[in-house]
Amino acid sequence: MSKDFNFSQGQDILTNLLLDGDTDQAMAFTKITISDGISPMEYFEGCIAPSLEKIGEKFESLEIFLPEMVFAADIVQKINDEILTPAVKNSTAQRIVPLGKVLLATVQGDLHDIGKNMVALLLRVNGFEVLDLGINVHPEEIISQAEREHVNIIGMSSLLTTCLPYMKDVFNLLNLKGTRERYAIILGGAAPTPDFAAGVCADGYGHSAAEAVTLCKKIMETRS
Amino acid sequence: MVNIPKVEPQLMASVLDKTEKGPWVEETEWDRHFINQTIKELVKKYNITWETSKSMVLSDDGLADRLFTAGLELALQSGLYCIDTHRRMIWSKEELENVLANTPREVKVGEGKDEVTFRKRNMEENSYVGVIGGPYGIPFPEELFIPVIKSYAQEPLLDIIDTPSLQTTYGYEIRAGTPWDQLAVWQEAALTFEALRQVGRPGMPIGCANSSASPLGELSSTSYGGFRRNDWHHNSIMSELKVSYSDLIRAVHFSQTGAISHNFYNPIYGGYAGGGEGIAIVTVAGMILLRACLWGESFNPGPSHAHLSCNTFPPMIPAQAVALQALARNSNMILAGFLRPTSGPCVKELFFEIAALTIAQVVSGVSFMKAVHTATGRFPMHCTPLEARFAAQITHAAEGLTRKEADSIVIKLIEKYKDNQKTIRAGKSFTEAYDIGSLQPTKEWQDMYEEACHEINNEFGISV
């Protein structure tokens, strides 16, 4: 049956349902597709991931706005929690593995989070698991959470130049602990510049949420 | 000496009380329901719509009035969200009506011969519009702080100087929320006073403080020997309609010391407020709530594109213009326009971005312009006084234009930059675009400025 399923058409249907915020129809479409013999993994990779990527692109060009993307991500979460994950648990099918685990934080001293929240959302819709620590996060908290949660990437953001020293603290503390190499570290927000990122030996700098996603994908490709 | 507060302590207490007594709400619920959903409903209810393809500076008074009603309703229905207590701060209709009725129509800043008075201004009014210039919050090294301030302060068309952010203080890193904040802002004050003394404008009002992210800097330096009460002290709320204790700490300090405060709010275009219609509504609500919460004397919206961080993106221009018109027609607020273009020094489009948005805002009733957050203000040292001078020239040229006249000019100006506005083009830094010895633009930058002035003179009949 899976051979007969038209993934391209499926992507279009799902994309439209997600953009319409039609949770019931999106759930129903997923259930029918899975029951017709498409595995949860095939459905995720062939329909959900490309649909979310398209939605992310529409947000990058502001054809749609942040709330539409948030609502689409909510529906996908519901599909994952209520249909795909139980289906995977009840079968021998391959598990849906996130592309990587990313810790995000607005560093100590800074209360601005809208840019960081956009990055979190775009990473999620592109298949990453995101641990968002929020705003005004102490460097030691960033490190302890990264260790506890075994993240692959640490993403730090700040709008304010006077918060940059706290970013440096994270690098310095990781170097002191000898665990710097465990994580890729990327920086964003208005305050850090590419020069600053290079100066602290960050693994990347992203000007926009879309750049952050590209950066994380690239990092995970080189690390796998 | 007994200090006379500019806002009664009981009134400030009633504001603070709202951060503790308002309904507790999850932040996600705030973003989705109290901002996004409520704004969508208000757009429909009040028919807030326009065609960006047809007009950039709208002349529809009915729309402006409906927009004001919609914004006031958002302010009443949602209020502000305190991120420290997770409470909604709610004002009654009577409270907001009192706030609007008692908003000052005039403010004096600076002292002596450098004192400036700003008055509430109406749309299309042929009256003086002030101009604030400076490397506002843009990071600069200590050794360039005095030269860059002097280079702006020597521009006679600039009424207020806005300071940069120090990158270090006495050679040390500045850490937000620590005593370094205090030391940096005291240095910022000292260097600014020295620069103003050297250019012979010691009483020039100062937009401050910009080297400290936390309220520590302001609390410390708006004091004896530091920034003056009649300087122009910044305070703000965050997007969307969120306030922190840090903002309220500043507000209480200014209200009780009598320091003049300028308040701003930067909604996100493409964020929870949505597109142009949404940011217009949230802008009106935001300006009213700024006064109700932070008690400043003057106000500006500075919406920010979700990805480009600018406010010159074409669909954002009518939204800003009509929001200003709504406030100018229905309140006494002293409003400011704000310029955050994508282009930087030595990028010719910078002048067209500035001209388009300046004209749209001046005819829509602003009392002064804030010029310029060049290249979105995020690149260290990427700004020069030349674009501030140009903004001032355009500002004065637009005084007295009608909205219809402005509309046709703005549409043509946008054509000159929109195709290249795909990314931020930061251009050259202050040290590359200016001669630091003479504090004059390089030939390359001066020539580009003259070309832009020439084009604008010839094509639009605007004398700059």
The listed residue being away from chain A (no Cβ under 14 Å), part of a helix (DSSP H, G or I) and closer than 15 Å to residue B:139 by Cβ, out of B:196, B:191: B:191
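Conditions tested, residue by residue: (1) within 14 Å of another protein chain (Cβ to nearest Cβ); (2) open to solvent by less than 10 Å² (accessible area, probe 1.4 Å); (3) within 20 Å of residue B:121 (Cβ to Cβ).
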| residue | (1), (2), (3) |
| --- | --- |
| B:292 | no, yes, no |
| B:303 | yes, yes, no |
| B:327 | no, yes, yes |
| B:332 | no, no, yes |
| B:339 | no, yes, yes |
| B:344 | yes, yes, no |
Right, residue A:59: away from every other protein chain (no Cβ under 14 Å) and among the aromatic types (Phe, Trp, Tyr) or not? no
Provide a single number: the residues in region B:425-441 that are in contact (Cβ under 8 Å) with a residue 60 or more places away in the chain and closer than 13 Å to residue B:345 by Cβ. 10
Within region B:439-459, the residues that are open to solvent by less than 60 Å² (accessible area, probe 1.4 Å) and over 28 Å from residue B:411 (Cβ atoms) are B:439, B:441, B:442, B:446
Looking only at residues that are among the basic types (Lys, Arg) and open to solvent by 40 Å² or more (accessible area, probe 1.4 Å) in region A:113-161, which one is nearest to the other protein chains (Cβ to nearest Cβ)? A:124
What residue, of B:68, B:140, is of a type in the set (A, V, I, L, M, F, W, C) and either over 30 Å from residue A:159 (Cα atoms) or open to solvent by 30 Å² or more (accessible area, probe 1.4 Å) (or both)? B:68
Residue by residue through region B:408-439, note down the ones that are closer than 14 Å to residue B:354 by Cα and among the hydroxyl-bearing types (Ser, Thr, Tyr). B:417
Is there a residue being open to solvent by 20 Å² or more (accessible area, probe 1.4 Å), away from every other protein chain (no Cβ under 12 Å) and aliphatic (A, V, I, L, M) anywhere in region B:270-283? no
Within region B:238-259, is even one residue more than 11 Å from every other protein chain (Cβ to nearest Cβ), hydroxyl-bearing (Ser, Thr, Tyr), under 18 Å from residue B:334 (Cα atoms) and not in a helix (DSSP H, G or I)? no
If you scan region A:199-216, which residues turn out to be open to solvent by less than 30 Å² (accessible area, probe 1.4 Å), within 11 Å of chain B (Cβ to nearest Cβ) and not in a helix (DSSP H, G or I)? A:208
Residues of region A:166-198 being surrounded by fewer than 13 Cβ atoms within 10 Å (Cβ to Cβ) and away from every other protein chain (no Cβ under 11 Å), which ones? A:175, A:176, A:177, A:178, A:181, A:198
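The values are calculated or read from the model by the stated rules, or taken from the named source; none is laboratory data. From a predicted model like this one, the values you see are computed outputs, not experimental measurements. Every residue, glycine among them, receives a Cβ derived from its backbone with ideal geometry; neighbour counts consider all protein chains shown. These accessible areas exclude ligands, DNA and RNA; they are computed on the full protein's heavy atoms, side chains included. Shrake-Rupley method; radii C 1.70, N 1.55, O 1.52, S 1.80 Å.
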